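Visitor: So that we are looking at the same thing, I have put the structure below in structure tokens.
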Amino acid sequence: MGISIANAALRLVSGAFILNSGINKLRIDEASAAGLQQMASNGVPQLAELEPSVFGKVVSISEISLGSALLLPLVPSRLAGLGLGAFSAVLLSSYLRTPGMTESDGVRPSADGTALAKDFWLAGIAAALIFARKGAKKVKKDK
């Protein structure tokens, strides 16, 4: 079970970014957690039902777990990609459904949404990890 340099690079940059984000949220204050929760509930309305402090802890633990899974080579790339895909789907849903984040076409980021548009990169990385070929199969020559 080898890992390609391309997959390692994708996993390293996304895993380090997400792990750092989760660690920074370990001590998130209630007001910041509530703001983050409000944004997230635009994409997944059920998240509004949680207490902000619980939501903040869940997000932090989820990001630390996903970032660690991406960084650990013993986790298969497809499995890590599926986790990243689910995570980025929630982020993109929140981005696309939050008023003021996109231009009038509903996709291109506004000035306020530029920072959140990075989530499209995470979705692209997830797709690359999920659908990467295992390696070129050797073609047998008939003699």
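Visitor: Send over the per residue convex hull volume for segment 1-135, Cα only, as a whole number of Å³.
Guide: Enclosed volume per residue, from the Cα hull, is 105 Å³.
Visitor: Another one. So, for the chain, what is the accessible surface per residue at a probe of 1.4 Å, expressed in square angstrom?
Guide: With all protein chains present, the chain gives 65 Å² per residue.
The values are calculated or read from the model by the stated rules, or taken from the named source; none is laboratory data. Remember, it's a predicted structure, so these values are computed and weren't measured experimentally. Note: areas computed on protein heavy atoms with side chains; ligands, DNA, RNA excluded. Shrake-Rupley method; radii C 1.70, N 1.55, O 1.52, S 1.80 Å.
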